[in-house]
Structures are given as structure tokens and as C-alpha cells.
1. In the list B:Ile239, B:Ile219, B:Ile224, which residue meets the criterion of being at pLDDT 60 or above, away from chain A (no Cβ under 14 Å), more than 21 Å from B:Ser352 (Cα to Cα) and crowded, with 21+ Cβ neighbours inside 10 Å?
2. Is it the case, given these coordinates, that A:Tyr23 is at the interface with chain B (Cβ under 10 Å from one of its Cβ atoms) and either at pLDDT 70 or above or farther than 28 Å from B:Ala578 by Cβ (or both)?
3. Does A:Asp43 satisfy being at pLDDT below 75 and either within 8 Å of chain B (Cβ to nearest Cβ) or closer than 25 Å to B:Ala575 by Cβ (or both)?
4. Pairs, please: C-beta under 6 Å, at least 6 apart or cross-chain, first residue more than 24 Å from A:Leu51 (Cα to Cα) and in the range A:139-164, second at pLDDT 90 or above and among the acidic types (Asp, Glu)?
5. Take the conditions farther than 29 Å from B:Glu605 by Cα and among the charged types (D, E, K, R) and apply them to B:Arg891. Does it pass?
6. What tally of residues in the range A:58-73 results from selecting those that are modelled with pLDDT of 80 or more and within 10 Å of chain B (Cβ to nearest Cβ)?
7. For the range B:789-839, enumerate the residues that are among the small types (Gly, Ala, Ser), closer than 27 Å to B:Ile749 by Cα and modelled with pLDDT of 90 or more.
8. In the range A:117-136, how many are part of a helix (DSSP H, G or I) and either touching a His at 6+ places or on another chain (Cβ under 9 Å) or not hydrophobic (A, V, I, L, M, F, W, C) (or both)?
Amino acid sequence: MAATTDSTGTVAGSADALFDAVYERLKVMAGRQLAKRERGTLDTTAVVHELYLRCKTQRELNFSHPAQFYAYAARAMRHLLSDHARDRLRQCAGGDWQRLTLTGAEQHLVIESAEQALALDDTLRLLEQEDERAARVVELRYFAGLSLEQVAETLGLNRSTIDRDWRFARAYLHKALG
Amino acid sequence: MRSENDLAERSPAASPARRLREAFDALIDVPFAERSAWLESNIADDAQRAELAKLVEADDARGYLDTPVMERAAKFAADDLVTATLLGTKIGAFRLVAEIGRGGMAAVFLAEREGNDVKQRVAVKLLRRGLYSELEQRLFLRERQLLASLDHPNIARLIDAGVSEGRIPYLVMEYVDGVPITDYADAAQLDIRARLRLVIDVCHAVEAAHRLLIVHRDIKPSNILVSRDGQVKLLDFGIAKLVEDDARLATATRGIFTPEYAAPEQLGGGSITTATDVFGLGVLLYELLSGHRPRGTPIRKPSSIVADVPLSSAPIARGSAMRFKRQLRGDLDNVVLKALAEEPNRRYASASALADDLERYLAGHPVAAHPASTWYRTTKFVRRHRGGVVVAAAAIIAVAASMGLVIWQARVAHAEAKRASAVRDFVESIFAPLSNGTPENKQPRISELLASATDRMDKADLDAAARVDLLQMFARLNEKIAEPIKAQALADQAYDVAQRELGPNDANTLDALVSRGLIALHRDDFDTAAPLLEEAERRSRQVGGVGSSLIRLYDGLAVLADAKGDDPRKAVDYARAALAQRLATRGDDKASLGTGYNNLGYGLESLGDFAGAADAYRAAHDLAAATSGIDSAETAVTLSNLGAAEMLAGHLRSGRGDLLRAKALLANVGGKQRSIQVANAQQICTAQMAINPLHAEEACAADLRMTADEDGDTSGDYGLALRRQSLLALERGDIDASRKFLAQAAARIDATSNAVWQGRVDITQAELQLLGGQSKDAAHLLRRGVQRIGGSYPPHLRNYGLALLALACEGVVSDDCPADAFTVAAHEIDTAAYRGSAVLLPAQTVLARIDLQTGRSGAAVARLEFATTQAMGEMDADAPRLLEAQGWLARAHAANHQCAVAAQEFATIKQIAATEGLTLHPFLVSVAGAAPSCAR
């Protein structure tokens, strides 16, 4: 019973260990998917669901409720994207490592993608302050790959409420990210 | 113009963000063509209008979030990165001198510390990844501390670690000037014995790390160097964990991580344990002996490989192939294959166990690895001690399980091989009195052997860990021969020794602490057990624990949570944790799994998932029957549990059948199982009462008698048995007798301060009052009773209490009556996991009566049709509860204008009641008296 969620699915403070564990596992699984990307398409939902099934069947991690798991997984995926982006920016630009195999255009794309990912994180943080629930919907929908129907179930809210939250959040983020 | 004010007026405290959101929500409902007009007339502020316009524009367009996150991540995921010329730059206090290795996750440099006169040479490893999140930094630091504490002559030391000015995480390691172990062995033309000696050194080094709970994860020849003077050095201990995700990525992309060296659980994404390294050691051994890496499933014996390959590529090229083959065949093949077992729990329990076996092989002793290892050891044992052992076989068998456990634990706890054999010798010496050909009738009793062994232990040459193990074994054996006080004293002693000699963070100390808690728990001394087990759990979180300790700890915590009853989910969680731990550490060890399923069944029962519990008990029963035999106590206990769960799940008859079978088994098992027999008898009373109280007299009399014998006639347990008598009398329609028994029950139960039991008395008391029409007092008792019972097992009592409370409160205004009493009761009952169970019939009847009183005859019909259908085959046709429910169903049909059905039902009930003499039964007088008028 390492962690609990309140009614809105917010991750409570005592949950470090559980979050860490989810983050670590997700990182490995996402890494594996990325490594195979030439052979298949990338599927956020598949990664998160595989993790969910593994947590459930192996019972290593105890979640009081699937909603809690998805809140954690979404947050972990969000961290993962930002951490990867920071890594790449450092390696591409200011750090001591140089990329020799990529052309200038490719390198530009990498840098731009990484910067966009960080911008998304920043904007999402702004949205959190303005409309917390909408930000949560983005996390579950985008980062955990849940359908809006599942998001509604997870947060225990009406589908129509979630639809509107998503629409607003999406417009908000797209406007900011250009 | 006014509309923005309108928005503001509607929510005067709304923030700008709130207003923006509200305006957006309103705007997207406006048809596209009318939007700009809407904006003009509703939003006065120019800036806000522009912002909203952009928002709806973004709403229509594609954007960032339309590409899945994984595709986004792929754009800047792992790619081929190479180092720039870092040579000559400084990392920490060291200047990089030469690049000596490079991989996907790191580049390794030879570096030197300048200054002083002596140049210190080190290996500096630069990691490819940053450590941005707090989590990663925390993990990195924690690992660094752990690795820095690893000080072993055969392990390359971690000298420093940190993050460079250029923000590259780095590790500084002892520089080893040597060659990979396989190259060394071939170059020096080592024979098999010399190769084994090298591997034994590696095993001991790995073992030393394992004792600190550091797993290498990547044992392979290139990580094991041998210096010119022949000393083995392991590199990169624990480093794989620091760079885990990149390492795994590398497996798939670059192949720098040689899959042949990875254990199955690494490839399959399973959990990485010390067993992973044992596999790595197995691969190393295989390669050193055969010149090849193991391949295929199942892996071929090394001896068969040697003959298949040309001599030139065999590692020991100058020897005779036939001689190697002979040497490898048999024991050595078995050792290698045991280390390489696919399932982690089938491998050697530790690196030192592998070393131990290799030593035995070198010394010409039988090895532990054998296709049928347990049986193998026993036959050797018997062969050496023929005579004494044969007559004492029964005693051996009785103790063998515990002995095996001690030896097993000695290995798992990563003790030195020495310690394992010291324990083995001592345990064998316990049986010395049996081996002198003493006639059977003069053989010492087990209790005498134990007592003398305990005394002699102080003089034996055993280290603290072994002493702790043995004291615990004696404690367990004393429990087995029903000496709980001695057991507790020995467990306390074991803990004291462990705490003093090994320190609070040692795995053995934790295990001893768990034993203390468990023995108290087995004595039902929850107040002693709870703090001990909770402390053990805290420590296990801090310092980790050995699988066997954790299994016992979680078992205990599950039982404790179940006994406390305040959070049934916790019991299930612990039981699942224990089961998972069992599967992880013992695999298909049937006896252990059986216990796991049994405990899980307990937990699920507490949650009201009786069907799930029955499944778990069934699994436990089958496992117990397979291991302990069909007529063993374990089998009987699981059968009894299965019966009780089936009963609560609503399968009254098969439940009773299993309980009766358990009774028969227990009668044959005899002696020590008295308390189980009593518990089983109590369940039989309850089951029989549920099926038909008119025929339960005998079963419940046995229950009362046996409970009195076992617990004394002033005990709380006897109070509960008296309450069952009260229920039986009530169900048979004898209200006066019921009251009398209940008063006797209450006197005993009140003295126990057990709130749950008191709650049960409250509810029965209230039911009696309700039959006498005193609904106001009943409401008070029921509210208190429901509170007292809480979420305790079994849950249907609480549900019955809630339903009765709703009935007592119908049309009554009182402090004891929640306004939503009916809704609460109906909700709990309709959403219970065992909703269809026959044990809920009385509660359903009560709810239907309320439906009828409040004019919802349709709902009453539906509820009772459902409940009686479920109960019909399970209860006897003349069971008063069933007749009562059918009577109310008839009334409901009548009220619902289903007159023909109602009339038919009344006739049937009347006939049965008359035949069985139940016409005046208090359950039936109100329903079965005269059929109410019915009009279509």
C-alpha cells in the first residue's frame, strides 16, 4: 500500500517508490519499442497496457485501482519524453559528445523535436495551473494512450466533460506550440 | 457589450483562466460561420478575443498531440553517437590517456592522476546518458555508495563517480591490466581442474557482491580479467544496472550485449536477481570447459559438445578429447546444467553453492547437482548410515523437511560454503543417537533429540548465522510437536543472537524477527505478533530480504490483517505478495505454493470473494494432496477451508460435503489437530443450519461440546457457539430458547472485548426484538452492531445487519436511523461479489419486505425471485428461511397483481408448513397465515 490516489487521481506524495518503479519499467519497455521501430509501428497504448498487464500478473507493484496505475504511467511517460529530449539536446549541442553520422538536416530535426518535447512539458505545466483537470486528461490521453472513454472511466467523470476538457487542452497546447 | 459582464457576473470570483475556458466551451458550440459574430458581441476585450480566435483555430487544425508520444520520442531516440576526442581532457582528478573500450552505453578510457610522484592509473567510464531527473540522480548516488562499499580482492574497485563539468556522468574504476579469463585459460593451457579453480574464485567474488545485494547482471569473459600473476578480477560490478535501459536498448540495436550471455529472464524482461548471475557463471563455466557458449533449448551437455568440435578449437587442445569427455560427463555436466537452468529457482541458490559443488567435485565428493537432487542426497545418506537410519526412517522423514530448509537457507543467505557444511554436520549429528543400531522401542523421541541438540549447540563450532538458523529450526520443530512456549523462547533467543552478532540489517536477523512474530501469531497472540511483523516489514523495505523470509513475513502479515479485519484488502495484497514471492523464489515447490494459495483464499474470503476463495482453496487442496497425501492434516485443513468458502459462495451442499470429508480425514489424522477439528465442527453446524436448521441439532450440539472442550465453557469461542445455538433455536421457531442462549452467549462475549463478536450478538438480539415488534430498540442495536462488525469476515452478517436496520428504520425517525438506510443496504447487497449466494437470502427477504411496504411490489418480486432461485437447490424445501422468502414472494406477486402465481405459491407453502408443523413458526405467521386478497 505504498501509494494512494485521491478522488481526482492525483498522485499522492507518499508514492515515490511506486512511481520510481513504474518509471523504471516504462523506460525499459519504451526503450525496447523504440529500438524495434523499423520493424513495426510505435504504439503508446500497447506499451502502457503491456506494463499494466505485467504489473497485474506479476503483482510486483500493487495498485489500489487501475486509475492509480494509469495516473502513474502517464506521469512516467511524460517524464520519460522530457528526459530523453534533454539527453539528446545535450549530446547534440553543448556537451562533449558529437554526432558524426547524421547530416545537418537530420540533426536539425532531432534538435527541433527535442525542443518541442520540452516546450510541450512547459506548456502543460502552465495548463496545469489554469485548468488542472484538462491537463490530467492530456496526460492520460496523450501520454498513457487511453481513449477518451477510458479517460472518463479512469477519472470517474462524464464522457462529455472529458471530451470538452480534451478539446480545450488540445487547442490550448497546439496554440502555444504553434 | 454586456455579455462579457454576464460571464463575469455568473462567476464573480472566476479567474481569467476560468473565463477563457468558459468562453471557449461556449464558442465551440457556435456554428463555424457565426463564430466571429459571437466573439464580437460576447467578448469585449480585444486581446482575449484574439486569443479565443486562435484557440478555435488550433481546435480545428492538426497539431503536436495528433502524433503519438512514442513517435515523438522516436525522433530523438537512441542513435549512433561516438565520442569526440576527449583524450587529454580531465575528468575529476584524472586526465584521460587512451580509449580502451567503447560500447553503446559508455566509453572507457585509461586515465592517470597527476601530481605526487606515483602515477595512479585508473579506468574512467563515461556514460552516454544524462541524469536529469531527481530519480535518476538518486538512483545513481545510491548505486555509487553501494558499489563503493564493495571491497574484494577479486573485484575491480570503484574509486569515484560523479558528473563531469561537461555534465557527463562518469565512473572511475581500478585499472586492471589483464586478459579475459577464457583467453588466459587457453594461453596458459590450463587443465580442467585449474579452470574450475578460476571459476571458484569468480564465484566467491560474485558471492561477496551478492551479500551486499549487488548483482552484476553482465557476467561474461570480457568482464573477468586475469592478471599476469593469475589473479582474477571482475569488472563493472553493478554497472549494468546504472545504465540499464541503454543496455537493453543495445541488445536490440547494436548487439554489443551478447545475448548468449544473458539469462532467460533478462531476455524475457523478468526480474533480475542473484540467480541471473548464477546463470552468467554457468555460461562462463560452459565456455571454459567446452570452448563454446551454450546454445539451444534444452542446452546440450558440455561433454557432448567437446566430442563434436575439431580438437583445434577445443579449449584444451593438447589433451585427449576422450579424457575430457569422460571428465565432463556425469557430475560436471550436471553442475553446469544446473547453473544454466532456465527457471531461476532451479539453478544453484547462490554463487557460493555453485562454488561449493565445484569444490566437492574437485575433492571427489558427490555433487549437489543431480537430475533428482533431493532423492540423490537421501540415498547417499542412507547408504552411509545403513542400520541406524533404516529403523529411524520415520523420525528422519518427520525432520527432513526442516533440515532441508535450514541447509537451503544457509545457501540462500549467501553464507560461506563452510557455514553450510558446518550446519549440515551439526544437523546430522542430531541423529547420531539413532545410528547405533538401537532397538526401535528404545529410540529417543524427537523431543529428546531436540532438547539435547539445543543444549549441545552452545559447544558446537558454529558461526552466528548458523546458530540463528538452527535456533529457528528448533523453534519451528517445537511448534510442530506442539510446544509453543519453548518455540517462542527459542525464536526470541535466535533473534537476540542475530541482533547482537549480525546486526539489525542482516538478512538472518530479519528472518529471526519474522519467526518471532509468526510464532506469536500461531499462538493467536496478535498483540505480540503485530509490532514484530510490522517492524520486520519496515526493515525488509530498508534492507531487502531473502525470499524465504519475505514469504513467511507476507504470510504472517496476511494472517494478521485477516485477524484484525479492519482492512481485508490488505490481507489479499499480502497474500498475493507472498504467492508472488513463492513463485519467484521456489517456482513449483508444491508444498510452499499450497500454503500460498491457502492464505490467498483466506484473504479473498475476507473480501467477500467466496468463489475466488474456493478456487484458491481448491488449488491449495490439490497441492496438499499431491505433496502430503490425501489423508494428511494439510489436505484436511484446505478441504475444510474450501467447504466454508463454498458454503458462503452459496454452494451449501457441496460445502457441507467437503466439510464432512474434512471431518472424516481429521478424525484419522488424530492428536495435534484438535483445534482444526473444532473449527471444522463449527463450520458444519453453520452449513447444516443454512441448509436446514430442522436437521442441524446434532451438528450444532457437536460444535457446542467440542468448543467447550477445546476453549472452556467461559471462553468467547464458547460464547460464539452459544450464539449459534441461539440462531438455531430462532430458525427452528423457539424464540424463548433463542433468547436464553443469546443471553448466555452475550455474557461470555462481552467479557472478551471483541467488538466484532459483540456486534454479532447485537444483530441477533435486534432480530429477536424485531420479531417482537420493538423496532426502535432494534435500530439502536443494529446500528451499533453494524459498526462493531465493520468489514470483518464473513461479510454477510454485516449485510444482514444493514438490511434489518433499514427494516427497523422504515417509517421511523430516530438518531439511530440514517435517512438512506435502505439505499445503503440495497447497494451493499446488490454489489456484493457473492450477491447470488444463498447465505444472503435472509437479507434479501428483509429488503423485499421494505420494497413491499413502500409499494414497490415489482422490485420485491424481482429481488425474491432472484434470491429464492439461487437458494432453492441449496436449501431443503422445508427450511423456514426459504419458506419465509417464498411466502413474501407470494405476497409480492399478489401485490403485483399476479394472483394465480400468488395463490399457487401460498398453497404450496401452507402445505409444507402444515406437514412440518411450522404453521406457527414466527417467520411464517405474518406471511403464510391467510392469503391476502388479490385483484387483477
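The values are calculated or read from the model by the stated rules, or taken from the named source; none is laboratory data. Treat the numbers as computed from the prediction; the structure is a model and nothing was measured. When we count neighbours, we look across all protein chains shown, and the Cβ atoms used for this are built from the backbone with ideal geometry, even at glycine.
1. B:Ile239
2. Taking the combined requirement at face value, the residue satisfies it.
3. yes
4. From the range A:139-164, the pairs are A:Arg164/B:Asp25.
5. Taking the combined requirement at face value, the residue satisfies it.
6. 0
7. B:Gly801, B:Ala803, B:Ala806, B:Ala808, B:Ala825
8. Number of matching residues: 11.
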